[in-house]
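Reviewing the structure listed below.
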Amino acid sequence: MENSEGMGSAKNIPRRSFTDTRAVGSRSGTEALQRDPDGRSQKTIGSPFVEQAKMSARDINVFYGDKQAITDISLDIARNEVLAMIGPSGCGKSTFLRALNRMNDIIPACRVEGKITLDGEDIYRKEQDTVLLRARVGMVFQKPNPFPKSIYENVAYGPKIHGLAQNKATMDEIVENSLRRASLFDEVKDQLDKPGTGLSGGQQQRLCIARAIAVSPEIILMDEPCSALDPIATARIEELMHELKENYTIAIVTHSMQQAARVSQRTAYFHLGELIEVGETKEIFTFPQHQLTENYITGRFG
């Protein structure tokens, strides 16, 4: 669960100040109320909606007990794109990310309202099998978390659970292909029986990515996947994201605006639990249309 600490001067900005339609840079004012594909009004500035979205969220509210963490978030994720979510600590971006594969379900005090669809199907419907959902919508966490098993068994774990391999030859192929897609096979091919926890931090994170893609997900969620890595390991993960988007849809939460600029096609800016602005990454970083977005990007707060 995120908190609101570390917001700096952002604490002094009125919660609803983003409903102002002031523009920044050379942009003219833009209406704060947008229309989603169903014709409903939305406060978010920019382009939160896309045609033929892979995943869509509408009017999402998340509560931890009596505390509301995010408010009325509506956002589409396009097929085969990398969507970056940025914003100050405690702004709700990780909470929203976890709602996309129902990871918040494991928190007893958490309540999610609204609708999230994957290929048009409501992932919060009662008959939804969350195990199958998380196979379709995989997740890579901030800190690499390989299982206390061999490198081989780390990757084979998901396919075994889901019965994706009928024999060892098929499993060997899945493991090798997953490690190759994660740009790790050549580095570990002679030590597949060694513990995954013995790899370097960057290698562990790529092992976790290999583990996620071994079950052939459609979407990969990444929650600050490079925050614990050095610049060289970070560059490898970013290169990997560029390759993976050819076959997967990726949503990444990052505190690094440079990383968001390098890896994503669209960027969403969150502030105090609300989605302020969404647009093409180049446009967000060169001509943000909202004062709060500009303040964060230029380092005035956050």
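The values are calculated or read from the model by the stated rules, or taken from the named source; none is laboratory data. Computed from a predicted model, the values in this text were never measured in an experiment. Positions of Cβ are backbone-derived with ideal geometry, glycine not excepted, and every protein chain shown enters the neighbour counts.
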- line: Taking the range 267-302 and keeping only residues that are without any contact (Cβ under 8 Å) to a residue 12 or more places away in the chain and either closer than 16 Å to residue 253 by Cα or under 16 Å from the mean Cα position of the chain (by Cα) (or both), one is left with none
field: First in the range 228-246 and touching a residue at least 12 places away in the same chain (Cβ under 8 Å) and under 15 Å from residue 179 (Cα atoms), second anywhere and crowded, with 16+ Cβ neighbours inside 10 Å and among the hydroxyl-bearing types (Ser, Thr, Tyr), Cβ under 6 Å, 6 or more apart
entry: 240/183
- prompt: Mind checking whether some residue in the range 167-178 is touching a Lys or Arg at 6+ places or on another chain (Cβ under 7 Å), touching a residue at least 12 places away in the same chain (Cβ under 8 Å) and either among the polar types (S, T, N, Q) or surrounded by 15 or more Cβ atoms within 10 Å (Cβ to Cβ) (or both)?
  reply: no
query: For the range 51-85, which residues satisfy the criterion of being among the aliphatic types (A, V, I, L, M), touching a Gly at 6+ places or on another chain (Cβ under 7 Å) and either surrounded by fewer than 16 Cβ atoms within 10 Å (Cβ to Cβ) or more than 26 Å from residue 245 (Cα to Cα) (or both)?
result: 69, 70
message: Checking the condition farther than 28 Å from residue 205 by Cβ and crowded, with 17+ Cβ neighbours inside 10 Å, which residue from 48, 88 passes?
response: 48
task: Considering each residue of the range 66-94, count those that are assigned to a loop (DSSP other than H, G, I, E, B) and under 20 Å from residue 291 (Cα atoms), and give that number.
output: 6
- prompt: Within the range 113-133, is there a residue that is small (Gly, Ala, Ser), modelled with pLDDT of 95 or more, assigned to a loop (DSSP other than H, G, I, E, B) and crowded, with 21+ Cβ neighbours inside 10 Å?
  reply: no
